[in-house]
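For reference, the structure discussed in these notes is given below.
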Amino acid sequence: MSRLLFLLYFISQLAMASTQPKAIHIRINQMGYLPNEPKIALVFSHRPINKKMVLVTMDETRIVASFKPKKSKTKGWGTFEYYYEVDFSDITEAGKYILRTKDKAFTSQTIRISENAYQYQSEKLLAFMRQQRCGYNPFFDVVCHQGDGRSFYGPMPDSTFVDATGGWHDAGDQLKYLITGSYATAHMLKAYELFPKTFLDSVNHLGQPGSNGIADVLDEAKWGLDWILKLHAQPDQLIHQIADDRDHRGWKMPDQDNADYGWGPNNHRAAYYATGKPQGLNKYKSEATGVSNLAGRSAAAMAMASRIWKEELQDSIFAAICLKAAKSLYNLGVDKEGFQQGNSYGAPYRYSEKTWADDMEWGAAELYKATGNKQYLQDAKKYALKANTISWMPFDSVPHYEYYPFVNMGHFSLYEHVDADFKKTLAAYYKSGIGDNVKRGNTNPYTIGVPFIWCSNNLLTSLITQGILYEKMTGDKTYVKFMVEQRDWLFGRNPWGTSMFTMMPEQGEYPFDVHTSTWALGKKQVVGGLVDGPVYGTIFNSLKGLHLVEPDEFKDFQNTYVVYHDDLGDYSTNEPTMDGTAGSILMMAYWADQY
């Protein structure tokens, strides 16, 4: 069935079912299930469900199993009162199936069971990353923002030209942040280190078709590494942001940027140097206290790159460049302990990160692995104790990006280098955060554990990543079912029955009218982008300048607690983000590596 026909069918099913008081709604993971993992569909209705359900082959030639839905002990959200589970975990035979009521009145989307369900799916996320590239963009085949940038807060006179070209556009807008770019780069490198066999080599370093002998994930990470090297041109210098909210001037293509920073449209943009002090060229100022967050995780990325390029790619020259940068970045973080936040201009909204010990722990741990210098090990342990369990995970609401990155990768990187007692401490830190989310998940039928603040999907993929790292550290598989349920939410086991990744799966229900210029102006879809995700109704209703463009196809599944809209106008739930997508790559690679 074509994508258009499937969409029309699925929407017609939603419309028909939502008008029936006795309608039964079935939610599954559209992407698929591995044969031996938990497989639990969620079923809900306005009325008690007394019908038996059957799992049948896609062609309806065979009934595989029959089920009596098990009533959930928790309350749902919104108008639906009755929630049930259908556990078909015992079905391990590869194939395509449908879960439906025995009378065929209500049916699920296609259920796929396959050991290859996640094979090379991370490549689709990398395709989205290439579409976000600044400089040469292979998706559009254009070169953009060659005027980046003109310095502010640097050691040279303001408005001096510096080369800050490259990197990635942050989301649907075209700003560039080291806050997110450094994490995206480091995350991709860690994903490769852990699961190297799950990645392909199908593009060159420019993102154009054709192999170059280097895994595509490393090509993409190097795009970030090259940019970070430009931002750290001297040992005491670090640019942390290109452009600001003056960028927000409606839909625009990257090579036709109408934003004006004082040099005319589509020209030079502001390049902000990290000083560790409050910044802002207009009335709104950040609360910066240092640069350790940026320096630490950039150092982690560079240290990992030095090992990979030396040991696996046999490029000792680039490896040496990366190691030198890792050391100087780390030293900069030591000299200016604290956090650098994003800068705003015409509005008070910014990336308000306030954590940094986790980043310094990560940088020190990776440098110790790269150099064997025991001072780095001692530093990493010191910063680990300071970072502790500090995270968004215990809270139901936190300010935007205050606890970033949303997973402390430093605890994992340090784990292999410490004694048994310290290992227990690090594992306990991870377990504590996972436990906070399990408790929250036990309050709803979806068992979803994250708070629905802005970028809730980023929190979710980070929670899953923490669970994966905890399992690899300890061998403890306590949270396997919980992590699978979190993943399944991302692919359709949610109130709206939609994937949260664009064009994944291709024949499924996924974000279509995303908040990007690529779609608004070019009507081009880009595979693999993770959208922001659902938000509390209170957050959505408080946002200014947000208007839905089309009638809400999910209106019957919205509620006052949490909302999601597949709508071009919803920048709060339906805008794909660069770092959210990059931060999902390790998760995808993990499930691809299970067979």
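The values are calculated or read from the model by the stated rules, or taken from the named source; none is laboratory data. Note that the structure is a prediction, hence the values are computed from the model and not measured. Backbone-built Cβ (ideal geometry, glycine too); neighbour counts: all protein chains shown. Heads up: the accessible areas ignore ligands, DNA and RNA and are worked out on the full protein's heavy atoms, side chains in. Shrake-Rupley method; radii C 1.70, N 1.55, O 1.52, S 1.80 Å.
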Among the residues of the stretch 541-572, the number that are assigned to a helix (DSSP H, G or I) and crowded, with 21+ Cβ neighbours inside 10 Å is 1
Screening 531, 514 for residues that are in contact with a strand residue (DSSP E or B) (Cβ under 7 Å, 6 or more places away or on another chain), under 27 Å from residue 252 (Cβ atoms) and open to solvent by less than 10 Å² (accessible area, probe 1.4 Å) leaves only 531
Picked from the stretch 269-312 (must be among the polar types (S, T, N, Q) and out of contact with any Cys (no Cβ under 8 Å at 6 or more places or on another chain)), the residue surrounded by the fewest Cβ atoms within 10 Å (Cβ to Cβ) is 282
The residue from 116, 50 that alone is under 29 Å from the mean Cα position of the chain (by Cα) and assigned to a loop (DSSP other than H, G, I, E, B) is 116
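Residues are listed down the side, and each one gets a yes or a no for (1) at pLDDT 95 or above; (2) part of a loop (DSSP other than H, G, I, E, B):
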{"position": "212", "(1), (2)": "yes, yes"}
{"position": "218", "(1), (2)": "yes, no"}
{"position": "225", "(1), (2)": "yes, no"}
{"position": "230", "(1), (2)": "yes, no"}
{"position": "237", "(1), (2)": "yes, yes"}
{"position": "246", "(1), (2)": "yes, no"}
{"position": "255", "(1), (2)": "yes, yes"}
{"position": "272", "(1), (2)": "yes, no"}
{"position": "283", "(1), (2)": "no, yes"}
Checking 173, 158, 216, 163 in turn, the sole residue that is open to solvent by less than 10 Å² (accessible area, probe 1.4 Å) and charged (D, E, K, R) turns out to be 216
When (1) modelled with pLDDT of 95 or more; (2) under 23 Å from residue 506 (Cα atoms); (3) buried (at least 18 other Cβ atoms within 10 Å of the Cβ) are applied to residue 44, the one that fails is (2)
Across the stretch 255-268, the tally of residues that are open to solvent by less than 50 Å² (accessible area, probe 1.4 Å), over 15 Å from residue 346 (Cβ atoms) and in contact with a Lys or Arg (Cβ under 9 Å, 6 or more places away or on another chain) stands at 2
Contact list, first residue from the stretch 138-159 and free of Cβ contacts under 8 Å to residues at least 40 places away in the same chain, second anywhere and open to solvent by less than 40 Å² (accessible area, probe 1.4 Å) and not charged (D, E, K, R), beta-carbon distance below 7 Å, six or more apart or interchain, is 146/165; 158/151; 158/152
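Per-residue answers, yes or no, for (1) of a type outside the set (Phe, Trp, Tyr); (2) in contact with a His (Cβ under 8 Å, 6 or more places away or on another chain); (3) open to solvent by 10 Å² or more (accessible area, probe 1.4 Å); (4) closer than 21 Å to residue 510 by Cβ:
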{"position": "52", "(1), (2), (3), (4)": "yes, no, yes, no"}
{"position": "67", "(1), (2), (3), (4)": "no, no, yes, no"}
{"position": "80", "(1), (2), (3), (4)": "no, yes, yes, no"}
{"position": "120", "(1), (2), (3), (4)": "no, no, yes, yes"}
